[in-house]
Amino acid sequence: MTNNISELANSFRPVAPPRIIEGAYSDDQHRRLLNVVRKHGPWQLILAENFKTPEEVFATTSGKIPEGVKLTWDMILNPVFRGYLARQGVCYYPELEDCYYNSQFLEMVRGYWGAKYAEPETFLFNIQGPTPIGGPPHLDGTVFRGMTMENTPLWLLLTMAKSCLFRRWQAKKGQVIAWYYKGKIGGGFNCWPDGPKGAPLQINGPMWGRAVVVENERMFHHGQAAGPVSMRKPTGLDISSKFEADPDTSDGWRISTFGKVNQRIPAEEMRFLVHWGARLYTDFNDLKTSLDHTDDITHEQALNMLIDDMRSRGVKFETPTDPLRDNAFVRLVAQVYDIGGPTNIPADAVDNSIAA
Ligand SMILES: [Fe+2]
């Protein structure tokens, strides 16, 4: 019985325990990856991909804006920046093709899933200096056969994943997440492979090419706080702030906003995460079902299933005439499938932990 929503959260466990590997990329591959990042910046904030105002961020996270407070970006911005190296079949930088069309990684995710086929799908990096913790533990967004970011609003995809009703259509995904971080304070990764009530697994820095093979769509996770506490909140940030190579150094970095430098980051305090993701197909049938679209789910079918499920949970509401655009319905759905997440979050590393 999953009538109780918190039961749903407990079912969020990856297809297999995370597998930790070392030396994800060769020194030469790492050098080429970093060269692309130095050469092709500046890079924007992760938050800039999805949000235009601080109020929007608040609405999707904690929800309540404190009385009489005018929100400003530097109250909520976490200075983590992102760039893309590939999209689906296309690697943007020829010098990184061996990193993306990566036989070793493909073999790893096939083994992790026990699946016959894999295709690289995502290749991106996060880059940052010192930062606070990466928000509450979360699940990465996913897609379903027939319903993807191209035709479906994000809230519906997230709700479908949380409801666990749509596993039959849900994409099977695997990632190899690698870290390069020489800093000595935090900067690792926390995840909950045994469900949100289980013990967190911490993969701690410093790390140089350590990586984890995971299914982050079904495992709560987040990045640890990193670097000296006094440097974690650079002042004057804006949603337009950018991260790039510091031209005054050979290996340092800088954050700038409106043409002014907010912070210079020495190479030792820079945290570089390389996210490689693949789509998996159990066998030839599974591959064919997906590519031939013989078992896609439609919006109507998905919404009807959600509505039936909410009714069976005893939620009372009128059937919306246009559920995709009905704000009251969207809010209701978000509320019903608010599955929560881990609360046993390990304490942040702080400066004096260096002495330990
Ligand atoms: Fe994530």
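The values are calculated or read from the model by the stated rules, or taken from the named source; none is laboratory data. A quick note: this is a predicted structure, and the numbers were derived from the prediction, not measured. Positions of Cβ are generated from backbone atoms using ideal geometry, with glycine treated the same way; all protein chains shown enter the neighbour counts. The protein model used for the area step is the full one, side chains on, heavy atoms only, and it has no ligands, DNA or RNA in it. Shrake-Rupley method; radii C 1.70, N 1.55, O 1.52, S 1.80 Å.
Scanning the stretch 121-157 for residues that are of a type in the set (S, T, N, Q) and under 12 Å from the mean Cα position of the chain (by Cα) yields 122, 126, 142. Scanning the stretch 229-252 for residues that are among the polar types (S, T, N, Q), under 26 Å from residue 209 (Cβ atoms) and buried (at least 20 other Cβ atoms within 10 Å of the Cβ) gives no hits. State whether one or more residues within the stretch 33-43 are under 22 Å from residue 235 (Cα atoms), open to solvent by less than 60 Å² (accessible area, probe 1.4 Å) and modelled with pLDDT of 80 or more. Yes, the stretch 33-43 contains at least one residue that is under 22 Å from residue 235 (Cα atoms), open to solvent by less than 60 Å² (accessible area, probe 1.4 Å) and modelled with pLDDT of 80 or more.
Taken as a whole, the stretch 308-328 holds no residue that is in contact (Cβ under 8 Å) with a residue 60 or more places away in the chain, open to solvent by less than 60 Å² (accessible area, probe 1.4 Å) and among the β-branched types (Val, Ile, Thr). The set of residues in the stretch 223-244 that are more than 16 Å from the ligand (Cβ to nearest atom), closer than 17 Å to residue 80 by Cβ, outside any loop (DSSP other than H, G, I, E, B) and not charged (D, E, K, R) comprises 229, 231, 243. So which of 299, 293 ends up being surrounded by fewer than 11 Cβ atoms within 10 Å (Cβ to Cβ) and in contact (Cβ under 8 Å) with a residue 40 or more places away in the chain? Going through 299, 293 in turn, the sole match is 293. Among residues of the stretch 200-228 that are more than 28 Å from residue 11 (Cα to Cα), those with a beta-carbon under 6 Å from a residue that is within 15 Å of the ligand (Cβ to nearest atom) and at pLDDT 95 or above at least six positions away or on a different chain give the pairs 205/188; 207/179; 226/131; 226/271. In the stretch 176-211, the qualifying residues are those that are of a type in the set (Lys, Arg) and at pLDDT 95 or above, and the one that is surrounded by the most Cβ atoms within 10 Å (Cβ to Cβ) is 210. In the condition set (1) in a strand (DSSP E or B); (2) open to solvent by 40 Å² or more (accessible area, probe 1.4 Å), residue 255 is compliant with all but (2). Residue pairs whose Cβ atoms lie under 8 Å apart, separated by 6 or more positions or on different chains, with the first residue in the stretch 146-168 and of a type in the set (Lys, Arg) and the second open to solvent by less than 60 Å² (accessible area, probe 1.4 Å), are 162/8; 162/139; 162/337; 162/339; 168/295.
Selection of the stretch 71-120 for residues being of a type in the set (D, E, K, R) and either open to solvent by less than 30 Å² (accessible area, probe 1.4 Å) or at pLDDT 95 or above (or both) yields 82, 87, 95, 97, 98, 107, 110, 116, 119. Testing residue 288 on (1) open to solvent by 70 Å² or more (accessible area, probe 1.4 Å); (2) assigned to a loop (DSSP other than H, G, I, E, B); (3) farther than 30 Å from residue 320 by Cβ, one condition comes back false. Which one is that? Unmet condition: (2).
State which residue is nearest to residue 194 (Cα to Cα) when the search covers only the stretch 204-222 and only residues that are away from the ligand (no atom under 15 Å from the Cβ) and assigned to a loop (DSSP other than H, G, I, E, B). Going through the qualifying residues, I end up with 204.
Only residues that are part of a helix (DSSP H, G or I) and not charged (D, E, K, R) were counted across the stretch 11-51, and they come to 11.
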